[in-house]
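Below is one structure, written out as structure tokens; comments come after it.
The values are calculated or read from the model by the stated rules, or taken from the named source; none is laboratory data. Computed from a predicted model, the values in this text were never measured in an experiment. Ideal geometry is used to build each Cβ from the backbone, glycine not excepted, and the neighbour counts take in all protein chains shown.
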Amino acid sequence: MIQKIENAIGTRDWTQDDLEKYLGPHQEAWFSYSADDSIRKGAASGGSVTAIFCHLLETSQIDGVLAVKTIVEDGMPRPEFFIAKSREELLRARGSKYSAVYFARHALPLLKAFDGDLAAVLLPCDARALHLARQRDQELNSKIKLVISLVCGHNSEPELTQLVVEKISRGRPPLKEFIYRQGDWRGEIKATFEDGDVVTTPFSTFSDYQNLYCFAQRKCHHCSDHFGHFCDLSAGDIWSPMMRREKIKHTALILRSDFARKLVAGAVAAGVLVVRPATAEAICDGQARTLPFHYNTTVRSRVGRLFGLKIKDKARANVRWCDYLVALIAICNQQITATVVGKRLIKWVPRPVLRAYLYLFKGLESI
């Protein structure tokens, strides 16, 4: 009975039009995880992406992987693009990063300068930028063998990371290492300090702000691509209630090209990945709360005018009363925390108040 209730809460009646516009062109989908528990240990969701890249490198199908690692400078974490050439380097790039990256400025030069075949793991907006760059540059296009796009609701400005680090670091020596999210289900933040002290805290310390669009990147209001349409393979979390009971956290894989299908089949045959078939409906169920709003640029275009924002309506979607409230909260929170006063104010909001505000927002998103 409990399972039936959880499944009912975590599912929606997706139409065929919903599935096509949200997921984009695709051939098949899987729920998966890395067969290697040493890879899963430091991963954010199943370790499938890292496992695939390790397999490609170790079977000499590629020479490098464009990825993002977290480094600490002056006591603050920041993401950095780099090209991993070994399993050890890939393992250092595991886990989610929730801070702004700049593909054209930092990643594209690395890709162009690299001598060899490459794979890349990118956010949907950066996967699209790479797609356009490959159309203009055949030399670049010929060296890119695989693009994996991570499922993304929106990204955050560095100030959110700074706020969380300051909360964790009070009275402690400088930060040495920072992991945004690892572990089962929602996961936890792991912070290591110069004296060797290790602090773990629930990921909600970060995500309570992030889910409310506090310190969100302004450009994310313009995006409707949740799953990453411009890639060979999309990968992301599965937040369906039924998946919470799984002993091993899974990764959703959406295969968009013949090469991706062959790659996943080869990884499964080699014992690298453990997979089971997933329907398009199950994939959307795994992102059911945030997916419709992310796609709906129509409501953000309308509400954005109140804040002087010109947001192009790419979706031409239906808008309900609750959609207006969700957009109003999201854009308002982003705009407020982009100001000096707003940045100071949000630090002093009591956690119970913030949580209540978040529950209201999530409730509106879920309607």
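As a summary of the residue check, Thr205 satisfies the conditions (1) of a type in the set (Val, Ile, Thr); (2) within 14 Å of the chain's Cα centre (by Cα); (3) over 30 Å from Pro277 (Cβ atoms) except for the one numbered (2).
Looking across His106, His154, one residue alone is over 28 Å from His250 (Cβ atoms), under 20 Å from the mean Cα position of the chain (by Cα) and of a type outside the set (Ser, Thr, Tyr). It is His106. Is it the case, given these coordinates, that Val165 is under 23 Å from Arg40 (Cβ atoms) and either out of contact with any Pro (no Cβ under 6 Å at 6 or more places or on another chain) or surrounded by 18 or more Cβ atoms within 10 Å (Cβ to Cβ) (or both)? Criteria not met by Val165. Restricted to segment 1-116, the set of strands (runs of 3 or more DSSP E) holding at least 2 residues that are under 20 Å from Phe230 (Cα atoms) and assigned by TED's automatic domain parsing to the domain that holds Gln210 comprises 28-34, 64-73. Could you figure out which of (1) at negative phi; (2) buried (at least 22 other Cβ atoms within 10 Å of the Cβ); (3) not in a strand (DSSP E or B) isn't true of Leu253? Of everything listed in (1) at negative phi; (2) buried (at least 22 other Cβ atoms within 10 Å of the Cβ); (3) not in a strand (DSSP E or B), Leu253 misses just condition (3). The one condition from (1) under 29 Å from Asp36 (Cα atoms); (2) buried (at least 20 other Cβ atoms within 10 Å of the Cβ) that Asp117 does not meet is (2). For Ala67, the test of being aliphatic (A, V, I, L, M), in contact (Cβ under 8 Å) with a residue 12 or more places away in the chain and crowded, with 20+ Cβ neighbours inside 10 Å is passed.
Going by the conditions given, is Phe307 assigned by TED's automatic domain parsing to the domain that holds Asn141 and of a type in the set (Phe, Trp, Tyr)? No.
When segment 231-245 is filtered for residues that are in a loop (DSSP other than H, G, I, E, B) and touching a strand residue (DSSP E or B) at 6+ places or on another chain (Cβ under 9 Å), the ones remaining, listed by number, are Cys231, Asp232, Asp237, Ile238. Listed by first and then second residue, the pairs linking a residue in segment 239-258 that is over 16 Å from Gln182 (Cβ atoms) to a residue that is of a type in the set (Lys, Arg), with Cβ atoms under 6 Å apart and 6 or more places separating them unless they lie on different chains, are Leu255/Arg261.
Matching residues to (1) surrounded by fewer than 16 Cβ atoms within 10 Å (Cβ to Cβ); (2) closer than 25 Å to Arg305 by Cβ; (3) more than 23 Å from the chain's Cα centre (by Cα):
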position: Arg320; (1), (2), (3): yes, yes, yes
position: Leu325; (1), (2), (3): no, yes, yes
position: Ile329; (1), (2), (3): no, yes, no
position: Asn333; (1), (2), (3): no, yes, no
position: Ala338; (1), (2), (3): no, yes, no
position: Arg344; (1), (2), (3): yes, no, yes
position: Lys347; (1), (2), (3): yes, no, yes
position: Val353; (1), (2), (3): yes, no, yes
position: Leu364; (1), (2), (3): no, yes, no
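Just one of the listed residues (Ser99, Ser60) is surrounded by fewer than 20 Cβ atoms within 10 Å (Cβ to Cβ) and among the hydroxyl-bearing types (Ser, Thr, Tyr), and it is Ser60. If only residues of segment 135-150 that are more than 25 Å from Glu177 (Cα to Cα) and outside any helix (DSSP H, G or I) are counted, the one that is farthest from the chain's Cα centre (by Cα) is Asp137.
Selection of first residues in segment 171-196 that are more than 30 Å from Tyr33 (Cα to Cα) and surrounded by fewer than 15 Cβ atoms within 10 Å (Cβ to Cβ) and of second residues that are among the aromatic types (Phe, Trp, Tyr) and at pLDDT 95 or above, restricted to Cβ pairs under 9 Å at least 6 apart or on distinct chains, gives the following pairs, ordered by first then second residue: Arg172/Phe193; Pro173/Phe193; Pro174/Phe193. Of all residues in segment 340-363, none that is more than 16 Å from Ile329 (Cα to Cα) and assigned by TED's automatic domain parsing to the domain that holds Lys167 has its Cβ atom under 9 Å from the Cβ atom of a residue that is outside any helix (DSSP H, G or I) and of a type outside the set (Gly, Ala, Ser), 6 or more apart or on another chain. Among the residues of segment 283-309, those identified as over 18 Å from the mean Cα position of the chain (by Cα), among the aliphatic types (A, V, I, L, M) and surrounded by fewer than 22 Cβ atoms within 10 Å (Cβ to Cβ) are Leu306, Leu309. Residues considered: Ala119, Ala127. Of these, the only one that is of a type outside the set (Lys, Arg), farther than 22 Å from Gly183 by Cα, assigned to a helix (DSSP H, G or I) and at pLDDT 95 or above is Ala127.
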